[in-house]
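**Student:** Dropping a structure here in structure tokens format, bear with me for questions.
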Amino acid sequence: MNLLAIETATDGLGVALVDDTRVLASSELLAERAHATELPGALTNVLKSAGLTLEQIDAFAVDVGPGAFTGLRIGVAFVKALVFRHRKPVIGVASLDVLAAALPYAAHPVCPILDAKQKKIYAACYDTRDGTPRKRSDYQLLPIDEWLATLPPEPVVLLGSGAALYREAIAKALGARALFAPHDLWLPRVAPLGRLGLERLRAGQHDDPSTLVPMYLYPMDCTVRAPAS
């Protein structure tokens, strides 16, 4: 089974083709221009590298957030266009799940956090000891200090843009309990996204493309602005 995964939830952009055993081809970059500009070319390059066409794709997976509003809208809209054209299943995967999936078999809880602007973070904690991320908490949107107070009294593995932004505050609050993952895992990676998409597809789970939308967590009537520089 061939699955095409598209990652646009943060500054990173990724496209990957995966099958049941391996990554057939992938492309990842920091999107210096708009995701909409970079995405078509990345898709073309990945298909060419794998020697496949869109007609040979069995399903699509896309990161639905939470994350950067514009990037999420672009990624979801792009995948939905492919799904409607080729009439294949689509699986929406949360960005926090994707981050946690990059650290399988971790001995401690894995807690990805993403910058949500307005001095807040998106966060969740997972148990990945059996190789698959299993949530220990709901997806949350809250200030960093409130989230830190909810953590278990044990070491936790932290990653994501929120961990980078608030590293000093986290280290001060948690001390030796704060275990920071390597920096190259701090953006959602497209290969774990593809792996999660395949797992959910094999379990009979997929989404209705007509109702698939980005996960924002903020109220729909809320306008989020970056802090003034």
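**Student:** Which listed residue (123, 187, 67) has the Cα farthest towards the positive end of the charge dipole for the chain, taking +1 on Lys and Arg C-beta and -1 on Asp and Glu C-beta about the Cα centre?
**Tutor:** Going by the Cα projections, it comes out as 67.
**Student:** Residue 64's amide H: which non-local residues (gap 5+, or another chain) put their own amide H closer than 5 Å, with H modeled 1.01 Å from N in plane and none for Pro or chain starts?
**Tutor:** 93, 94, 95
**Student:** Another question, if that's okay. Run the accessible area of the chain with a 1.4 Å probe and give the carbon-and-sulfur part as a rounded percent.
**Tutor:** The value for the chain is 53 percent carbon and sulfur by accessible area.
**Student:** By how many degrees, 0 to 90 and rounded to 10, does the Cα axis of helix 190-202 deviate from the longest principal axis of the chain?
**Tutor:** Between helix and principal axis, roughly 70 degrees.
**Student:** Another one. Note down the relative contact order for region 1-120 as a percent, whole number, built from C-alpha pairs under 8 angstrom at least six residues apart.
**Tutor:** Computed value for region 1-120: 25 percent relative contact order.
**Student:** Which chymotrypsin sites (Phe, Trp or Tyr not before Pro) from region 61-113 combine a DSSP loop assignment with at most 14 other Cβ atoms within 10 Å?
**Tutor:** Taking region 61-113 and a limit of 14 other Cβ atoms within 10 Å, the loop chymotrypsin sites (Phe, Trp or Tyr not before Pro) found are 105.
**Student:** In the chain, if every C-alpha pair distance is counted and binned at 5 Å from zero, what percent goes to each bin?
**Tutor:** 1, 7, 15, 19, 20, 16, 11, 7, 3, 1, 0
**Student:** Another one. Quick one: accessible area per residue over region 1-53, 1.4 Å probe, rounded to a whole number of Å²?
**Tutor:** 47
**Student:** A follow-up question, please. Relative to the longest principal axis of the C-alpha atoms of the chain, give the angle of the C-alpha long axis of helix 69-86, reported between 0 and 90° and rounded to the nearest 10°.
**Tutor:** Once rounded, one gets 30 degrees.
**Student:** Still on this structure, I have one more. Rounded to two decimals, what ratio of Rg to Rh does region 39-89 give with C-alpha atoms and a Kirkwood Rh?
**Tutor:** Here Rg/Rh amounts to 0.99.
The values are calculated or read from the model by the stated rules, or taken from the named source; none is laboratory data. Everything numeric here is computed off the predicted structure, so don't read it as measured data. Quick reminder, even Gly has a Cβ in these numbers, built from the backbone with ideal geometry, and neighbours come from all protein chains shown. Side chains included, ligands, DNA and RNA excluded: accessible areas come from the protein's heavy atoms. Shrake-Rupley method; radii C 1.70, N 1.55, O 1.52, S 1.80 Å.
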